Amino acid sequence: MQGLQTNNAPHPSVIIPHFIFAAVSLIGVAILLLCSENALLQVYFSGKIIAITHLTILGWASMIIFGALYQLIPVVFETSLYSERLAKVTFYSLGSSVVFLCYAFWTNSFVVLLPYAALATFVSLLLFVINVFLSYKKSPVKKIEAKFILMAIVWLTVTELIGTLIAFNFKFNFLSEIHLHYLKIHATVGFVGWFLFLIIGVGATLLPMFFISHELNRNWLKKSFMFLNLGMLVMLANGFSVNETSLEILTYSFSILGIVYFLKYIYQSYKKRLRKKLDVGMRYSALAMVLLIVPIIVFAIVLKVFPIANEFINRAIVLYGFSVLFGFVTTLILGQTYKTLPFIVWLHKYQKLVGKTTTPLPRELYSEKIASVQFYTYFLFLTVMGIGIVFQHLVLLKIASYLLLIVGVLYIINVLKILVHSSKKAT
């Protein structure tokens, strides 16, 4: 964990609000699921599903990623964040924009509210992009992990630009293809370009650190970077021009190669680890790496190989999105919260006391028992929700929504336990 320690780290007031907003958003996702489980039995292009998806992507996952990145940028870039004030402005701007955007989707206000909500969200994300790019510009090193993070920011910009164009197209109708065509591109760039690039950049930095593993083959990361970028470029060229099936296959092949090289790097780190026992945070992370296989299988076999009826295709698409957002992204984020947030708070409170008095360990700032119950409850949620989506079983979907609500409550209890510890002990 000492690799996270840096004199360039921003003040906790920059980081902590992101974790609080994200925790509340996770509970919000569970509540919206409870209010709209019928939507999961219908077509995937519905206002309620899109509202839940964007609250998950922006309010939960991206918000917590932004907070973690503000702590990690000084580690990966080896320089301070360009502007802490800009980071705080971005937080309040993005938080309000996400609420506005989800409300527009939930109420099906695609013409009246959505364009302006999307524009507000795009501007907010652009502030974050500017802050990261200017921080990278100051960086004295250009490690492959930093390049992954920087490219994730590039693809985030592309994702939001496409999303904003789609939103305005509802009002002005200037795009040549139907909305679903561009929505698929928007989702793919977001899932692969933003989340996967970011997770690889951060994961390649943190996981070997937490495993305590050394002498890893970094050429696998370079190959992963090359193939994933090739896949994204081919996908964009194909989506906006020729629209050929052969190029879809090429896109998929490049993306799979990129993912395989990353997983080889992580598996190598796991095999060489000095820390043999995995705590709850690393159990989440290991589970996320395994579950990354699920969306690959769903996309390759169900959506591209078998000629299945349209009704099942709709289920498969919902399952694909669920497996990416919850099976992989959320699982990894839940795990890394227990690795990063306690240490961020611990650094702020105890860094200067090390060697002078007895200090608690970062993992002692939260309840391991609550975290373990949360882990098994979340695994049960993934299982029940997956089965409910496949078989379109309303009762299972409702049970899964309640399980996610329990996970959200347990998660926010531990997050607040970490933060209250800081506020009570601070001097």
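Since every read-out is calculated from the coordinates, none of them should be taken as a lab result. Predicted model only: the values in this text are computed from it and were never measured. Heads up, the Cβs are rebuilt from the backbone with ideal geometry, glycines too, and the neighbour counts pull from every protein chain shown.
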- Quick one: Cα centre-to-centre distance for segment 53-68 and segment 325-370, in angstrom? 19
- Query: Which whole-angstrom value gives the distance between the alpha carbon centres of segment 186-214 and segment 389-416?
  - Reply: 25
- Query: What lysines could a cross-link reach from LYS138, if we take a straight Cα to Cα line under 25 Å and drop same-chain neighbours fewer than 8 places away?
  - Reply: LYS88, LYS147, LYS222
- Any chance you could give the angle, 0 to 90 degrees and rounded to 10, that helix 114-137 forms with the longest Cα principal axis of the chain? 40
- Task: Would you mind working out the magnitude of the charge dipole of the chain relative to its Cα centre, with +1 at each Lys and Arg C-beta and -1 at each Asp and Glu C-beta, to the nearest 20 Debye?
- Result: 1520
- Message: So if I take the alpha carbon set of segment 178-301, get Rg, then get Rh from the Kirkwood formula, what is the Rg over Rh ratio?
- Response: 1.03
- Item | Rounded to whole Å, sorted largest first: equivalent-ellipsoid semi-axes of the chain, Cα gyration tensor | 33, 24, 23
- Partners for LYS48 among lysines (Cα-Cα distance below 27 Å; same-chain residues under 8 apart left out): LYS171, LYS184, LYS304, LYS398
- Stretched out fully, how many nm does the piece from VAL112 to LEU250 gain, at 0.36 nm a residue minus the Cα gap? 45.8 nm
- Query: Once the Cα atoms of helix 197-211 and of the chain are each reduced to a long axis, what angle between those two axes, in degrees from 0 to 90 to the nearest 10, is obtained?
  - Reply: 30
- Item | Farthest toward positive dipole pole in the chain [+1 Lys/Arg, -1 Asp/Glu at C-beta], among THR358, ILE64, ASN414 | THR358
- Query: Helix 331-350: angle to the longest alpha-carbon principal axis of the chain, degrees 0 to 90, nearest 10?
  - Reply: 30
- Computed label-point distance, nm, for sites VAL89 and LEU394 using a 7 Å Cα→Cβ extension: 4.9
- Pick out, from GLY239, LEU263, MET282, the residue whose Cα sits farthest towards the positive end of the charge dipole of segment 220-291, with +1 on the Cβ of Lys and Arg and -1 on the Cβ of Asp and Glu. MET282
- Among the lysines, which have Cα under 23 Å from the Cα of LYS277 when same-chain residues fewer than 8 positions away are ignored? LYS264, LYS339, LYS369
- Message: Quick check on the chain: helices-only [θ] at 222 nm, where DSSP H runs of length 4 and up contribute -39,500 (n - 2.57) each and the sum goes over total residues. Nearest 500, please.
- Response: -24000 deg cm²/dmol
- Note on the structure: Note on the chain: contact order normalised by length, alpha-carbon pairs under 8 Å, 6 or more apart, percent, works out to 18
- Query: What FRET efficiency do you get for THR358 and ILE413 if R0 is 35 Å and r is their Cβ-Cβ distance, rounded to the nearest 0.05?
  - Reply: 0.85
- Query: Zone of ASN38 (label point 7 Å along Cα→Cβ, backbone N under 17 Å): which residues in segment 386-423?
  - Reply: 392-399
- Summed side-chain charge close to LEU81 - residues other than LEU81 whose Cβ falls under 14 Å, Lys, Arg +1, Asp, Glu -1: +2
